[in-house]
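**Student:** What follows is a structure written as structure tokens; I'll ask about it next.
Just so it is clear, none of the values below were taken in a lab; they were calculated from the coordinates. Everything numeric here is computed off the predicted structure, so don't read it as measured data. Backbone-built Cβ (ideal geometry, glycine too); neighbour counts: all protein chains shown.
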Amino acid sequence: MNVGFIGFGEAAFAIASGLREAGVEQMIAYDAFRNEQVVARAEQIGVNLQDDIQSIGERATIIFSLVTPSSARQVAEEVAPFIQQGAVYADLNSCSPQAKRGIAEVFSDTGALFTCVAVMSAVPPLRHKVPMLADGPGASHLKGQMEAYGMQIEAVDGPIGSAAAIKMCRSVIVKGMEALFLEALLAADSAGVVEQVLASADASFGHMTLSELANYLIVRNLQHGQRRAHELVEAADTVAEFGYEPLVTRGAAQRLAWSASRQPTGGSEQRVTSFQEVLEILKQGQS
């Protein structure tokens with residue numbers, strides 16, 4: 001087994017260093033932006049830097065692509081003419097499901113096995129053991145070959161891009177909460193009420209898992225959507241009063257107003273008990 005890396009930045013170096021300690025002997029890398037830091041990283045753990053991407057395709061049996069999302073397809077197109085039949089091409093870049101499917105098409109006639117890989121946590125602390133989701137024809141091959149070295153790869157059922165969809169929708173929650181907290185606490189700090197705001201939120205939701213919270217909030221949205229949308233418009237005005245443009249709050253108010261406009265009337269909303277039922281109602285309203 002010869003493991004190749006396209007892109008040898010911080011994440012690739014972390015994964016490669018973990019694999020080296022786990023016993024992977026042959027590793028090569030190519031980085032279009034080769035500099036002193038890239039060279040030093042490679043020398044530190046004994047990864048052989050290549051002068052061109054062709055060498056990665058011709059020599060590596062497993063290829064990890066860790067470049068910028070905007071260049072993920074380009075590097076795939078550059079290596080595809082040289083890739084070995086039966087080699088696994090694992091795209092670890094944070095791209096949309098549609099982008100992943102486009103990259104998979106690059107390898108459709110090469111005999112290589114493409115897998116869309118979603119990295120589900122920060123890489124450097126966990127290195128090669130960072131949790132990953134993988135789909136596509138190469139997922140089981142990648143898992144089978146790399147789990148002996150400690151890689152944590154879960155093969156996901158579904159079409160190519162399913163792993164990316166999980167990661168990106170999760171990012172809407174996690175990064176969206178990050179932006180939401182930032183906006184709310186900037187305004188709360190200006191009002192001198194940060195501790196009270198957080199204590200109030202803890203009292204309301206501190207005992208819930210995220211799944212329970214999703215169910216609670218989305219069912220309530222169906223029952224009180226219009227009022228909650230109006231309240232969030234006032235909340236956006238409050239954020240603005242303290243000198244911060246309410247980017248997140250205004251967008252959230254628009255989403256709640258959209259939801260309210262598609263909701264049933266006449267009491268049927270009171271019988272809904274799960275967020276899945278709400279999603280079905282909203283999808284019907286969208287069609």
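**Student:** Considering the zone a paramagnetic label at Ile45 would reach in this model (a point 7 Å from Cα along the Cα-to-Cβ line), which residues of segment 84-113 have amide N under 20 Å from it?
**Tutor:** 88-94
**Student:** Subtracting the Cα-Cα distance from 0.36 nm times the residue separation, let me have the gained length for Leu217 to Thr238 in nm, one decimal.
**Tutor:** Extra length from Leu217 to Thr238 when fully extended: 5.4 nm.
**Student:** As an exercise, use a Förster radius of 22 Å and the Cβ-Cβ distance of Gln37 and Ser94 to find the FRET efficiency, rounded to the nearest 0.05.
**Tutor:** The calculated FRET efficiency here is 0.50.
**Student:** Turning to a different aspect of this structure: Just from the alpha-carbon atoms, what are the Rg and Dmax of segment 41-126 in angstroms?
**Tutor:** Cα-based Rg and Dmax for segment 41-126 come out at 13.1, 37 Å.
**Student:** If you average the C-alpha positions of segment 94-113 and of segment 141-176 separately, how far apart do those two centres end up, in angstrom?
**Tutor:** With segment 94-113 and segment 141-176 each reduced to a Cα centre, they are spaced 15 Å.
**Student:** Further question on the same structure: Restricting the calculation to Cα positions, tell me the Rg (one decimal) and the Dmax (whole number) of segment 186-287 in Å.
**Tutor:** Calculated on Cα positions, Rg and Dmax stand at 15.4, 45 Å.
**Student:** Next question. Would you kindly calculate the translational diffusion coefficient of segment 1-156, applying Stokes-Einstein with the Kirkwood radius from alpha carbon pairs, for 10 °C and a viscosity of 1.306 mPa s, and quote it in µm² s⁻¹ without decimals?
**Tutor:** 106
**Student:** From zero up to wherever the largest Cα-Cα distance of the chain sits, split into 10 Å bins and tell me the percent of pairs in each.
**Tutor:** All Cα pairs considered, the percentages come to 6, 23, 25, 18, 18, 10, 1.
**Student:** Relative to the compact-globule scaling 2.2 N^0.38 Å, provide the ratio for the alpha-carbon radius of gyration of segment 86-223.
**Tutor:** 1.38
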